[in-house]
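The values are calculated or read from the model by the stated rules, or taken from the named source; none is laboratory data. These numbers were taken from a predicted model, which means no experiment stands behind them. Every residue, glycine among them, receives a Cβ derived from its backbone with ideal geometry; neighbour counts consider all protein chains shown. Surface accessibility is based on the protein's heavy atoms, side chains included, excluding ligands, DNA and RNA. Shrake-Rupley method; radii C 1.70, N 1.55, O 1.52, S 1.80 Å.
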Amino acid sequence: MTTETITASAAGSWQLGDLTVNRIGFGAMRLTADADGAPSDRDRAIAVLRRAVELGVNHIDTAAFYFSATRSANELINRALYPYPADLVITTKVWPGRDPSGNWWWASPEQLRGQVEENLRQLGRDHLDVVNLRIPPSGRTGSLAAHFEVLATLRDAGLIRHLGISNVRPHHLEEARAIAPVVCVQNPYGVGASPEHNAFLDSCGEQGVAFVPFFAIAGSGREAGANGTDSEEVHAVARAHGATPAQVRLAWTLQRGPHVLAIPGTGNPDHLADNVAAGSLRLSDDEMALLDGAGREPQP
């Protein structure tokens, strides 16, 4: 499919609270290192960010813990896009953290304000548009209340505009909404999703909450990226549309509901244009059903 003239508006838009975003956004995780883990080319990463905005992307997902030995996603965003376009929404996430050597740690409720302020400093902002509370794997069955209450307080203080939650289950959304409004849920999701995950996506839509999948292209490859093992069903639909398997995965995800946003990430300008163009790809009901049966993803 032709990609040069297709912009992010082709996917339609959604409201994150009082903020309007095009449903095709950009994830910053892959900006900081190449596929082998070596630090990315800084000028190329900056060019990709600027091109994303030129293509109508106005929703960028990032985090202070997205960094490599010499690259920081937040710093790259700041360098590329500051002063920020008036309609640009930057979403970040807290609770996880990494020390300078790259080792992971998880913040206590008392440490969340420091993580929020770190994102503010790196991005050069006086407030954060959306902050997702990213639940640790060990907390999938537990409570998020103590941490979410801190973010709600920071929202009331004006440091955060809107709140979301990430890597969660339905009971987390219910718990969080009892504390403060939730504008988005960010979870792993894509072709082959389980019935449980499909039901949660649908439930978010019924509640007016955006569902923001990550690993929609990578699938089981997760942080390592797409592994080139797309099913025959995905390839068949791609051939029918003259599209790539990645574009088909994105299109299927977006057609799961008008409240579904996509945040594919890349450091490659050609892949960026392909990802944005996927927002214009429309699959038939039969193709959607075919892809529904294209294998099931493992539980995250």
Ser143: net charge of surrounding residues, Cβ under 13 Å, Lys/Arg +1, Asp/Glu -1, itself excluded? -1
Rounded to the nearest 0.05, what FRET efficiency do Thr5 and Thr70 have when you use their Cβ-Cβ distance and R0 = 45 Å? 0.80
Net charge of neighbours whose Cβ lies under 10 Å from the Cβ of His59, counting Lys and Arg as +1 and Asp and Glu as -1: -2
Under 5 Å from the placed amide H of Ser13, counting only residues 5+ away or on other chains, we find Arg23
Order by protection proxy (mean Cβ within 10 Å, highest first), peptides 134-141, 157-164: 157-164, 134-141
Put Ser40, Ser280 in order of accessible area, largest first, probe 1.4 Å, and you get Ser280, Ser40
Taking protein heavy atoms only, a 1.4 Å probe, and rounding to whole percent, the accessible area of the chain owed to carbon and sulfur comes out at 50 percent
To the nearest 500 deg cm²/dmol, what mean residue ellipticity at 222 nm is calculated for the chain from DSSP H runs of n ≥ 4 alone, each contributing -39,500 (n - 2.57), summed and divided by the residues? -10000 deg cm²/dmol
Taking a ≥ b ≥ c as the square roots of the eigenvalues of the Cα gyration tensor, with a/c under 1.5 meaning rounded and otherwise prolate when a/b exceeds b/c and oblate if not, the range 1-127 is oblate
